1. Which residue out of PHE91, PHE53 is farther than 13 Å from GLY10 by Cα and open to solvent by 50 Å² or more (accessible area, probe 1.4 Å)?
2. I'm trying to understand the selection: among the residues of the range 101-129, which are open to solvent by 20 Å² or more (accessible area, probe 1.4 Å) and of a type in the set (Val, Ile, Thr)?
3. Check whether at least one residue in the range 143-162 is open to solvent by less than 80 Å² (accessible area, probe 1.4 Å), in contact (Cβ under 8 Å) with a residue 40 or more places away in the chain and either among the aliphatic types (A, V, I, L, M) or not in a loop (DSSP other than H, G, I, E, B) (or both), and report yes or no.
4. Write out, first by first residue and then by second, each pair whose Cβ atoms fall under 6 Å of each other, whose residues are 6+ apart or on separate chains, and whose first residue, in the range 13-40, is under 16 Å from MET107 (Cβ atoms) while the second is modelled with pLDDT under 80.
5. Yes or no: the range 58-76 includes at least one residue that is open to solvent by 40 Å² or more (accessible area, probe 1.4 Å), in contact with a Gly (Cβ under 7 Å, 6 or more places away or on another chain) and farther than 17 Å from PRO210 by Cβ.
6. Mind checking which residues of the range 174-225 are closer than 20 Å to TYR90 by Cα and assigned to a loop (DSSP other than H, G, I, E, B)?
7. Could you check, for the range 167-183, whether at least one of its residues is modelled with pLDDT of 90 or more and exposed (fewer than 12 other Cβ atoms within 10 Å of the Cβ)?
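The values are calculated or read from the model by the stated rules, or taken from the named source; none is laboratory data. Computed from a prediction, not measured in an experiment: that's the story for all the values here. Neighbour counts are summed over all protein chains in view; Cβ atoms, including those assigned to glycine, are modelled from backbone coordinates with ideal geometry. With ligands, DNA and RNA removed, areas are computed over all heavy atoms of the protein, side chains included. Shrake-Rupley method; radii C 1.70, N 1.55, O 1.52, S 1.80 Å.
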Amino acid sequence: MWLVLVFVAGCFLGSLELCLVHRWNHLFSFFLGRSVCDCCGRHLSWRELIPIFSYLYYRGTCPDCKQIINPIYPLSELTLGLIFSIVYIYFNNSLYYYLFYSILFLMICFDLSYQYIPDLFQIGLFILLFYNYFTFRLLFISYQHFFILFILTILYFFFTNYIGGADLKLIGILCVCLPFEFIPYFFFLAASSGLCCCLITKVRQIPFVPFLVLAFLPLHILLQI
């Protein structure tokens, strides 16, 4: 029962976070404005705002203008719902990890939508890690980690034409959440999945944050088992 409630909460938050991403430059409308159809601009009723269910019930179309609704909406709701379920099962229903993965999901949405991530989210993750280190001691800090962070710093200042600065910051944050022996697997999974996407889509520049999180999550779960 609790797992179902957690999944539903994740779905609602996924919908809310995607709305925040789309209205980031107009935050006033996010807090006070009503949701509208992307195609006809009609205000949506509460029946059309139920995560996943509304999309399935109306068969992926607006009931008024009959235009196809972007499937990114139910996919984002389902994704965060599943992530919250994973946190409930593998991370002891920890509020810390709900916040941690909620911020990561926001970064994924921003990267997919704009290939840009506000520094506010990096700061939020850093604050969480700071709290983590002095409360739970769950971070992995070693000489090898400092060496990796040093290399990432060099890349950030001299090679941002090849990899985004936000990607490098996130890599540093995620690396200290893994033991050193897991880090090569993390790099391999992220790079290989991103490369496969480039080969399939034939696009040279892709949002890399989703692949970083996709590579990090299974390794992070493995630490809890």
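1. Details: PHE91 fails: open to solvent by 50 Å² or more (accessible area, probe 1.4 Å).
After ruling out the rest, the residue left standing is PHE53.
2. Of everything in the range 101-129, those that are open to solvent by 20 Å² or more (accessible area, probe 1.4 Å) and of a type in the set (Val, Ile, Thr) turn out to be ILE103, ILE108, ILE123, ILE127.
3. no
4. From the range 13-40, the pairs are LEU20/PHE30.
5. Yes - at least one qualifying residue is present in the range 58-76.
6. Result: VAL176, CYS177, LEU178, PRO179, ILE225.
7. There is at least one residue in the range 167-183 that is modelled with pLDDT of 90 or more and exposed (fewer than 12 other Cβ atoms within 10 Å of the Cβ).
Results for (1) under 16 Å from TYR97 (Cα atoms); (2) surrounded by 15 or more Cβ atoms within 10 Å (Cβ to Cβ); (3) among the β-branched types (Val, Ile, Thr), shown as yes or no for each residue.
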site	(1), (2), (3)
ILE200	no, no, yes
VAL203	no, no, yes
VAL209	no, yes, yes
LEU219	yes, yes, no
